[in-house]
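Okay, structure first, notes after.
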Number of protein chains: 2
Amino acid sequence: MALRGRGGGGTGGGLRTSLVVDLVLLAPAGDRLALFAPADASGRRALPSGAPRAGEALDAAAMRLARAATGGTVAWLEQARTRTTSDGVSVLFVGLIPGPAADDERWIPRARAATLGAAARHLVDEATDAIGNWLDRSPIAFRLLPPAFTLSDLQDVYEILLGRTLHKASFRRALQSARLVSPTKEWRSEGRGRPAQLFRLAPRARKSWRRGVRFDWLSE
Amino acid sequence: MALRGRGGGGTGGGLRTSLVVDLVLLAPAGDRLALFAPADASGRRALPSGAPRAGEALDAAAMRLARAATGGTVAWLEQARTRTTSDGVSVLFVGLIPGPAADDERWIPRARAATLGAAARHLVDEATDAIGNWLDRSPIAFRLLPPAFTLSDLQDVYEILLGRTLHKASFRRALQSARLVSPTKEWRSEGRGRPAQLFRLAPRARKSWRRGVRFDWLSE
DNA sequence: TCAATAGTGTCTGTTAGACATTATGGA
DNA sequence: TCCATAATGTCTAACAGACACTATTGA
């Protein structure tokens, strides 16, 4: 058992190993989640990964790799679990990308993650759980939308990310009572039906009120 | 951007670096949280840390180190954030230990984490947040108690871990409606006051019902 | 008897979800 | 006109929190 003081010597200390960042990048596509799993030269699909550069922070490395891989905007990127593999240490990052083109072959339906193998499927499950957790605590869904959006758009994003349907009136009431969105004077008409009002994410001035303890855990 | 296939060659791939597990071990002590920060030979306190052995999984390494450091039972241990430091890669683990002896000098009040330095204080804050998150989703509080406990004991643990007081009647109602504890026929008398009934963690058969989306986020 | 703690019953304001209704445009 | 979608009002059951009260022990 080593007690490491502050500023221990340079690269001293732990076991030496290789370090890799693995990425599970998801995006809303239609009414499902899509997974970024491009094929390599031999046609085999895999999750993107890469190595941090010397001195580069993990978050920065993951962001650089995610941008380079997708070529697009990264709406949100967060660290998940670290594990040791036969290759060394793997740090998993979970990211959300705004809607990719429907014909982009690098994206596959999230439900087909199992075709990448059991290990990849496990990482994707872990990523999906992480998104659900963050969604409860942070406005990540808004980053997948343009600055002005309809409440139906927003609800669609939530439903895709959560993988379940939400009650419309309750959803809107919760948004309103949290003063989370503010209406604009614009309306958007899409096909049939009444046009929808556009909203923006409101600059927050909310006191986070405390919620009671809930014991509705998942059955183990 | 490297696309790594399955079973890449042995230790190939990423940047080579050293790997260290850092531990934030907390325990309820009286009505506060205590932090495990033993002093080394020179009298300087620090968070415990250590290196995984070759081939050892991170969880296993953290558990081994936590047990070795405290010499006691580890009620719960979970991975938190991984970061790169000047020493290499550091994987943070958060653990809970059942009540240490009041005269155990290796434990300090959690509020005095700042005396270990800014970096350690940050890790401890991160650990406290992680505990709050897990507490919402998993029965970790029960592991800090003996198999039979009073509801006041349980509430005390929750209050210490959450850092705030809870409403007694609501706490009990929530426990009851979740069918989370089952009463025993034993009662325990401690000093003055009416004796308290002992309870046990009930074998769960709960369907986890879905909760609506809440937007009560912390102000950023 | 008093103090202290355990446990419970009742009330109230809030909220999630169900349902129904109105509003407004396109086909 | 009919249909589809947006937006909103009302009702109800559940729940959190407040409060008060009873129960049971030791001092």
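The values are calculated or read from the model by the stated rules, or taken from the named source; none is laboratory data. Keep in mind the model is a prediction, meaning the values are calculated, not measured. Ideal geometry is used to build each Cβ from the backbone, glycine not excepted, and the neighbour counts take in all protein chains shown.
Take the conditions at pLDDT below 95 and either of a type in the set (S, T, N, Q) or assigned to a helix (DSSP H, G or I) (or both) and apply them to A:Ala101. Does it pass?
no
Going by the structure shown, is A:Leu166 within 13 Å of DNA strand D (Cβ to nearest atom) and in contact (Cβ under 8 Å) with a residue 12 or more places away in the chain?
Judged against the criteria, A:Leu166 is not a match.
Let me spell it out: the conditions are (1) facing chain A (nearest Cβ under 7 Å); (2) in a loop (DSSP other than H, G, I, E, B); (3) modelled with pLDDT of 95 or more, and B:Leu47 meets all of them except one. Which number is the exception?
Looking at each condition in turn, B:Leu47 falls short on (1).
Which residue pairs have Cβ atoms closer than 6 Å, lie 6 or more positions apart in sequence or on different chains, and pair a first residue in region A:122-151 that is among the charged types (D, E, K, R) with a second residue that is at pLDDT below 95 and not in a strand (DSSP E or B)?
Close Cβ pairs satisfying both conditions: A:Arg137/B:Trp217.
Among the residues of region B:108-120, is there at least one that is more than 16 Å from DNA strand D (Cβ to nearest atom) and touching a Pro at 6+ places or on another chain (Cβ under 9 Å)?
No: region B:108-120 contains no residue that is more than 16 Å from DNA strand D (Cβ to nearest atom) and touching a Pro at 6+ places or on another chain (Cβ under 9 Å).
Within region A:147-174, which residues are of a type in the set (A, V, I, L, M), within 11 Å of chain B (Cβ to nearest Cβ) and more than 10 Å from DNA strand C (Cβ to nearest atom)?
Residues satisfying the conditions are A:Leu154, A:Leu161, A:Leu162.
How many residues are without any contact (Cβ under 8 Å) to a residue 24 or more places away in the chain and near DNA strand D (Cβ under 9 Å from one of its atoms) if we restrict to region A:176-188?
Looking only at that region, the number is 3.
Kindly indicate the residue of region A:144-169 that is more than 16 Å from A:Ala34 (Cβ to Cβ) and either of a type in the set (Val, Ile, Thr) or not assigned by TED's automatic domain parsing to the domain that holds A:Val181 (or both) and also modelled with the lowest pLDDT among those meeting that condition.
A:Thr165
Consider region A:184-220. How many of its residues are in a loop (DSSP other than H, G, I, E, B), surrounded by 10 or more Cβ atoms within 10 Å (Cβ to Cβ), at pLDDT 85 or above and of a type in the set (Gly, Ala, Ser)?
1
Within region A:114-122, can one find any residue that is buried (at least 18 other Cβ atoms within 10 Å of the Cβ), within 13 Å of chain B (Cβ to nearest Cβ) and at pLDDT 95 or above?
Yes, region A:114-122 contains at least one residue that is buried (at least 18 other Cβ atoms within 10 Å of the Cβ), within 13 Å of chain B (Cβ to nearest Cβ) and at pLDDT 95 or above.
Among (1) under 15 Å from the mean Cα position of the chain (by Cα); (2) at the interface with another protein chain (Cβ under 9 Å from one of its Cβ atoms), where does A:Pro28 come up short?
The one condition A:Pro28 does not meet is (2).
Being more than 7 Å from chain A (Cβ to nearest Cβ) and at pLDDT 90 or above is the filter here; which residues of region B:1-25 pass it?
B:Val21, B:Asp22, B:Leu23, B:Val24, B:Leu25
Select from region A:59-106 the residues that are under 28 Å from A:Gly14 (Cα atoms) and among the hydroxyl-bearing types (Ser, Thr, Tyr) and write down the one among them that is surrounded by the most Cβ atoms within 10 Å (Cβ to Cβ).
If we take residues in region A:59-106 being under 28 Å from A:Gly14 (Cα atoms) and among the hydroxyl-bearing types (Ser, Thr, Tyr), then A:Thr82 is surrounded by the most Cβ atoms within 10 Å (Cβ to Cβ).
When the residues of region B:50-82 are narrowed to those that are under 24 Å from B:Ala111 (Cα atoms) and assigned to a loop (DSSP other than H, G, I, E, B), which ends up modelled with the lowest pLDDT?
Per the stated criteria, the residue is B:Gly72.
Can you find a residue in region B:74-87 that is touching a Phe, Trp or Tyr at 6+ places or on another chain (Cβ under 7 Å) and among the β-branched types (Val, Ile, Thr)?
Scanning region B:74-87 turns up no residue that is touching a Phe, Trp or Tyr at 6+ places or on another chain (Cβ under 7 Å) and among the β-branched types (Val, Ile, Thr).
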